Amino acid sequence: SSSEQSRSLVRLFYLFVLPLTKDEGVLSAQGHYARKLLNDLMENYSSALRPVEDTERALNVTLQITLSQIKDMDERNQVLTTYLWVRQIWYDAYLRWDKEEYDGLEVIRIPSNLVWRPDIVLYNNMEAWPPNTNVVLRYTGEITWDAPAITKSSCVVDVSYFPFDSQQCNLTFGSWTYNGNQVDITMGGLKGGELSDFVENVEWECHGMPGVRNVIMYGCCSDPYPDITYTVLLKRRSSFYIYNLLLPCFLISFLAPLSFYLPADSGEKVSLGVTVLLALTVFQMMVAESMPPSENVPLIGKYYIATMTMITASTSLTIFIMNIHFCGAEAKPVPHWAKVLIINYMSKIFFVYEVGENCTTPQSELSPCQQSPRQRVPAGWCSWCVCGQQRKVVHNIEYIANCFREQRSHQAKGAEWKKVAKVMDRFFMWVFFIMVFLMSILVMAKAS
């Protein structure tokens, strides 16, 4: 049994302990060669000079951009904040080695400040450029520098179709001091920025990031200056603004025509129009606070202004119609053209009838109480009375009848003006309903 235990311990030693000691020896050997390699490379190396053997030739730098996240879009200050991964690849002629001399060591990672780096910057950047991360150095002299960067770049924001707008923000990368004869920039065969690791934004959709290489000749010098411009294609998610700005405006604007349907005697017709106007003013201020000062008025701002103009016009018309409604006995009679056009025709089109009157009741079927007193009192009946007492009674009755006829004529005159006002109310109610509907359709058509 003791011999079996010793054999099992030997097996465990060969299975677990011996491989670990070999790996530690390999790692320690690689660490030794890595330190030796670094000392040999940096012995006569200078990171201040462009690492080319022929100074007449340009150093090629491959620039690759990955858009990771859109952190913020400040429309008022026109600043786009993005989170990028920046990869730069170039060849250093003085950082090559024979891997066989260093135990097959092919790659080392060293701080980026130890080697020469291209001074490629984002031209329209408003923050510091990538931090000093490590670079990956291969035995062929290829250097790969990956660095994260949070950029704040200027972006011309066009809010003409807000909140259904699309934006195009340019990110221009180029060397700050080297011209195209010294440092040349390419995209390494790619057509734009990478979006494979893009984190979706709650407000913006990214529809692509195409890139283009430009060579610009400035007036100050004859040398070419290449740059790479990436265009971030953004489209706003409009659901938030539809439910919080547009839909309330639609509902409030449909209240404006209803002020014409309110009875004039309620005393709330003008109050409703003013209340709707104040509500739209609050929404207009909310939109103005988030938009940049610009000559281009946003689409939603145009809709608010048009709606406020319509409500102002409806309130003014309401005041005018109320003045017509409260015309008393001292007012002039309704003109003949108004009787024919408004009372006779428009009242039937808009189904405006008095109490007890409908579209099938002719004038001849009115009750005796609704007929004129002149039709119910014979003209010459007073001549039948012969005695003085009866004459006095007849005189009093005629006086009462005349007062009654005068009162009825005044009431009829006021009723005609009220009917004119009611028909105009109904007419403008439908006119403004159609205007609100057409404005809403027009906004949606422009948005699409």
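No value in this document is a laboratory result; all are computed from the given coordinates. Note that the structure is a prediction, hence the values are computed from the model and not measured. Methodologically, a virtual Cβ is constructed for each residue, glycine included, from the backbone with ideal geometry; neighbour enumeration extends over all protein chains shown.
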Provide the descending list of Cα extents for segment 137-192 along its principal axes, expressed in whole angstroms. 54, 24, 22
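Give, in whole angstrom and from largest to smallest, the semi-axes √(5λ) of the equivalent ellipsoid of segment 228-303, with λ running over the eigenvalues of the Cα gyration tensor. Before the final figure, lay out the partial values.
Values: eigenvalues 265, 33, 15 Å².
Its equivalent ellipsoid spans semi-axes of 36, 13, 9 Å.
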Provide the FRET efficiency to the nearest 0.05 for the LYS99-GLN78 pair, computing r from the beta carbons and using R0 = 56 Å. 0.65
Ordered by fewest other Cβ atoms within 10 Å, a rough proxy for footprinting exposure, MET209, MET286 read MET286, MET209
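Sorting CYS249, CYS403 on the 10 Å Cβ count, fewest up front, what's the list? The partial results should precede the final answer.
Working: CYS249 20, CYS403 10.
Arranged by neighbour count, lowest to highest, CYS249, CYS403 become CYS403, CYS249.
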List every residue whose amide H lies under 5 Å from the amide H of ILE110, counting only residues 5 or more places away in sequence or on a different chain, with H placed 1.01 Å from N in the peptide plane. VAL135, LEU137
Along segment 31-39, Karplus-curve 3J(HN,Hα) (6.51, -1.76, 1.60; θ = phi - 60°) to the nearest Hz, with x for Gly and Pro, reads x, 5, 5, 5, 5, 5, 4, 4, 5
Spelling out what I want: for every residue of segment 248-259, take phi, set θ = phi - 60°, compute 6.51 cos²θ - 1.76 cosθ + 1.60 (Karplus), and round to whole Hz; glycine and proline get x. x, 5, 4, 5, 5, 5, 6, 6, 4, x, 5, 5
Flagged as over-length at 27 Å C-alpha distance, from LYS71/LYS302; LYS269/LYS332; LYS348/LYS418; LYS152/LYS446; LYS422/LYS446, the pairs are LYS71/LYS302; LYS152/LYS446; LYS422/LYS446
Equivalent ellipsoid dimensions for segment 59-237 as semi-axes, Å, which come from the Cα gyration tensor, largest first: 33, 20, 13
Rank the residues LEU438, LEU299 as a footprinting-exposure proxy: fewest other Cβ atoms within 10 Å of their Cβ go first. LEU438, LEU299
What list of ³J(HN,Hα) values in whole Hz, one per residue of segment 194-201 in order, does the Karplus curve 6.51 cos²θ - 1.76 cosθ + 1.60 (θ = phi - 60°) give from phi, with Gly and Pro shown as x? 7, 10, 5, 10, 6, 9, 4, 9
